[in-house]
Amino acid sequence: MHEGHRSRLKNRFLKDGLDGFELHNVVELLLFFGIPYKDTNEIAHRLCDRFGTLSNIIDAPFEQLCEISGVGENAATLIKLIAPLSRLYLEDKYSDSEPLDCVDRIGEYILAKYRFYDYEFFSMLSMDSSLNVISFDIVNKGVVNATEVSVRNAVTTALRTGAVNVAIAHNHPGGSALPSTEDIITTKKLIESLKLVGVTVVDHIIVADNDFVSLRSSMQYEKLFKR
């Protein structure tokens, strides 16, 4: 009976995608591949009851997933693989070799790098003189107003990558993409410090969920980036 149920659920997904699936059906389908020889329906219900939403299940710590009866390390590892795998997929899908020569290109590139992270971090996108991407680096984890650490690490990263232009970025998980006073202070210090080593800051992107704000495109702050 369980084999027949698995086949029906898999075929339904392959035919129609996840449209019309209830949460426990989605989780049950996923668990098929981490728990191959057990009925996963009850386990899926336990996960849904404990965490409430799909995103909460995916974001739950590994140890908490393993606490759910029947889950086990293999299924918990599979669940924890979803977010980073999705991020790599999006990075690959939306990356190309064209220069990031406008705000939208820079913003979308950085937005893809920040998807599915639930903690704050500060990063730097290093580019050459033609705004081709050299590398994307996490410069500092934690609040962006750890200014001295961010500035020191940013300068070190720019020198290591040989960047001529950089876009700095950080995120506000679960919050607004609007800049804080600390964000502006950090931006000014980074622009000044990087300028001393011959590197131009072309923008500061602030990410919140699926949205981003470009400080350079904000009339209130665009003067910070004047060369």
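Within the stretch 121-134, restricting attention to residues that are over 15 Å from Asp101 (Cβ atoms) and of a type outside the set (Gly, Ala, Ser), the residue that is surrounded by the most Cβ atoms within 10 Å (Cβ to Cβ) is Met124. The listed residues are Leu81, Leu65, Leu90, and the only one of them that is part of a helix (DSSP H, G or I), out of contact with any strand residue (DSSP E or B) (no Cβ under 6 Å at 6 or more places or on another chain) and open to solvent by 70 Å² or more (accessible area, probe 1.4 Å) turns out to be Leu81.
For the subset of the stretch 68-78 comprising residues that are in a helix (DSSP H, G or I) and in contact with a helix residue (DSSP H, G or I) (Cβ under 9 Å, 6 or more places away or on another chain), which member is most open to solvent (accessible area, probe 1.4 Å)? Reasoning before the result, please.
Residues of the stretch 68-78 that are in a helix (DSSP H, G or I), as a first pass: 72-78.
Subsequent filtering for residues that are in contact with a helix residue (DSSP H, G or I) (Cβ under 9 Å, 6 or more places away or on another chain) retains 72-73, 75-78.
Details: Gly72: 34, Glu73: 129, Ala75: 1, Ala76: 0, Thr77: 77, Leu78: 42 Å².
Going through the qualifying residues, I end up with Glu73.
Looking only at the stretch 127-149, which residues are under 18 Å from Ser214 (Cβ atoms), at pLDDT 90 or above and in contact with a helix residue (DSSP H, G or I) (Cβ under 7 Å, 6 or more places away or on another chain)?
Phe136
Just one residue in the set Asp118, Asp137, Asp211, Asp183 is under 19 Å from the mean Cα position of the chain (by Cα) and crowded, with 16+ Cβ neighbours inside 10 Å; that residue is Asp137.
The test for being open to solvent by 70 Å² or more (accessible area, probe 1.4 Å) and among the β-branched types (Val, Ile, Thr) does not hold for Thr161. Candidates in the stretch 17-40 are the residues that are of a type in the set (Asp, Glu) and part of a loop (DSSP other than H, G, I, E, B); of these, the one that is least open to solvent (accessible area, probe 1.4 Å) is Asp39. Scanning the stretch 164-180 for residues that are within 16 Å of Ile138 (Cβ to Cβ) and open to solvent by less than 30 Å² (accessible area, probe 1.4 Å) returns Val166, Ala167, Ile168, Ala169, His170, Asn171.
The values are calculated or read from the model by the stated rules, or taken from the named source; none is laboratory data. Source: prediction; values computed, not measured. A quick note on method: Cβ atoms are made from the backbone with ideal geometry, for glycine too, and the neighbour counts reach across all protein chains shown. All accessible areas refer to the heavy atoms of the entire protein, side chains included, with ligands and DNA or RNA removed. Shrake-Rupley method; radii C 1.70, N 1.55, O 1.52, S 1.80 Å.
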